[in-house]
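The values are calculated or read from the model by the stated rules, or taken from the named source; none is laboratory data. Owing to the predicted nature of the structure, the values given are computational and were not obtained by experimental measurement. Note that each Cβ is placed from the backbone with ideal geometry, even for glycine, and that neighbours are counted across all protein chains shown. For accessibility, only protein heavy atoms count, side chains too; no ligands or nucleic acids. Shrake-Rupley method; radii C 1.70, N 1.55, O 1.52, S 1.80 Å.
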Amino acid sequence: MEEDEPPRKSEERSEIDQILDKMKKPRRKKMLTPDQIDPVVDDIIHKMTTAFKADSDSLEKNQPALKRVKILPEVISALSKVPYQSAFIEKNILVVLKTWLDPMPDGSLPNFNIREAILNVLHKLPIDVDHLKSSGIGKTVMQLSKNPNETHANKKMAESLIQNWSRQLFKLSTKYSPSDYEEQRREKQKPKSSTPTTVALPAIKKLEEKLEARTRDLQRSQSFRAMIPEKAAMDFTVRPVSSAIAKPINQAAEQKKNQLLKKFQQKKSSGKRAVKMSIEGRMMYN
């Protein structure tokens with residue numbers, strides 16, 4: 001009996017080793033097939049559409065609209081699962097989400113929980129430029145970011161979405177690192193070249209043409225307005241030729257003028273002084 005104990009220990013070790021080996025092996029995730037994904041996606045989209053119509057009818061009857069709030073956890077759970085996200089995007093889930101985020105017919109915002117959950121899940125979905133253009137959800141998110149009735153936290157999420165989508169539209173990197181900021185700082189500190197490059201010349205020429213056209217338009221518009229008269233500048237480097245026509249001199253008139261001037265000079269030089277007048281009449285008769 002004592003000789004049989006060591007083999008039992010070895011059997012126990014081998015069983016433990018086998019269990020550890022099984023634990024070390026990575027478990028392969030089961031890939032879902034389209035046949036498994038599509039029914040789930042279609043069901044969620046159908047529920048969302050039906051709930052939206054039911055809430056719209058309730059609002060028209062002045063009744064509480066609670067259908068979307070009830071299915072919200074199920075919707076967000078499905079949208080958060082990575083295997084389903086591409087199928088949701090291809091089946092125009094963004095259009096349905098837009099209707100959920102749009103203001104009500106009376107101008108009020110949807111339920112806060114709906115807005116918060118959808119803005120949060122939009123960060124997780126693989127949305128590209130084509131999906132943004134076809135769905136129009138970007139405009140709705142932009143309106144939320146500027147709505148004075150929206151909360152500060154939701155505005156921040158909406159602004160973050162707009163920034164990420166804008167970088168996709170302009171084909172900019174969405175990854176930030178200290179080196180990126182350092183490179184941007186160096187570019188700003190670089191001295192600008194005094195001579196424009198050949199690539200910039202067409203743009204500069206086009207800008208000059210626009211400025212000239214704008215100047216002409218301004219001159220035309222100002223010509224029909226009342227303006228304050230200003231003194232014309234008379235700084236001539238060359239004396240302009242007079243346009244006045246010289247009249248022939250009348251000799252008789254010139255002689256008469258000279259005679260009058262001569263008499264005036266004689267009276268001035270005669271030496272007679274003026275008499276000082278008195279209100280009493282003194283010195284009037286000499």
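With the requirement that a residue be in contact with a helix residue (DSSP H, G or I) (Cβ under 9 Å, 6 or more places away or on another chain), among the β-branched types (Val, Ile, Thr) and surrounded by fewer than 20 Cβ atoms within 10 Å (Cβ to Cβ), what does the stretch 76-95 give you? Across the stretch 76-95, the qualifying residues are ILE76, ILE89, VAL95.
Does PRO73 count as without any contact (Cβ under 8 Å) to a residue 60 or more places away in the chain, part of a loop (DSSP other than H, G, I, E, B) and open to solvent by 60 Å² or more (accessible area, probe 1.4 Å)?
On the way: without any contact (Cβ under 8 Å) to a residue 60 or more places away in the chain: yes; part of a loop (DSSP other than H, G, I, E, B): no; open to solvent by 60 Å² or more (accessible area, probe 1.4 Å): yes.
When the stated conditions are applied, PRO73 does not pass them.
Examine the stretch 43-63 for a residue that is out of contact with any Leu (no Cβ under 8 Å at 6 or more places or on another chain), on the phi > 0 side of the Ramachandran plot and surrounded by fewer than 15 Cβ atoms within 10 Å (Cβ to Cβ), and state whether such a residue exists. Checked against the condition, which is being out of contact with any Leu (no Cβ under 8 Å at 6 or more places or on another chain), on the phi > 0 side of the Ramachandran plot and surrounded by fewer than 15 Cβ atoms within 10 Å (Cβ to Cβ), the stretch 43-63 yields at least one hit.
Scanning the stretch 67-121 for residues that are β-branched (Val, Ile, Thr) and more than 30 Å from MET31 (Cβ to Cβ) turns up VAL69, THR99, ILE114. Regarding ASP180, is this residue within 25 Å of ILE71 (Cα to Cα) and either modelled with pLDDT under 85 or in contact with a His (Cβ under 6 Å, 6 or more places away or on another chain) (or both)? Against the criterion (within 25 Å of ILE71 (Cα to Cα) and either modelled with pLDDT under 85 or in contact with a His (Cβ under 6 Å, 6 or more places away or on another chain) (or both)), ASP180 does not qualify. Only one of the listed residues (PRO7, PRO34, PRO73, PRO26) is closer than 21 Å to LYS124 by Cα and at pLDDT below 90. That residue is PRO34. Name, by its number, the condition in (1) small (Gly, Ala, Ser); (2) touching a residue at least 24 places away in the same chain (Cβ under 8 Å); (3) open to solvent by less than 20 Å² (accessible area, probe 1.4 Å) that does not hold for ALA153. In the conditions (1) small (Gly, Ala, Ser); (2) touching a residue at least 24 places away in the same chain (Cβ under 8 Å); (3) open to solvent by less than 20 Å² (accessible area, probe 1.4 Å), ALA153 misses (3) alone.
How do the helices (runs of 4 or more DSSP H) wholly within the stretch 93-142 filter down when requiring 3 or more residues that are modelled with pLDDT of 90 or more and more than 21 Å from VAL40 (Cβ to Cβ): which remain?
Numbers: elements: 93-101, 112-122, 129-135.
Helices (runs of 4 or more DSSP H) meeting the threshold: 112-122.
Looking at PRO148 and the list (1) surrounded by 15 or more Cβ atoms within 10 Å (Cβ to Cβ); (2) over 20 Å from PHE170 (Cβ atoms), which single condition is not satisfied? So the condition that PRO148 fails would be (1).
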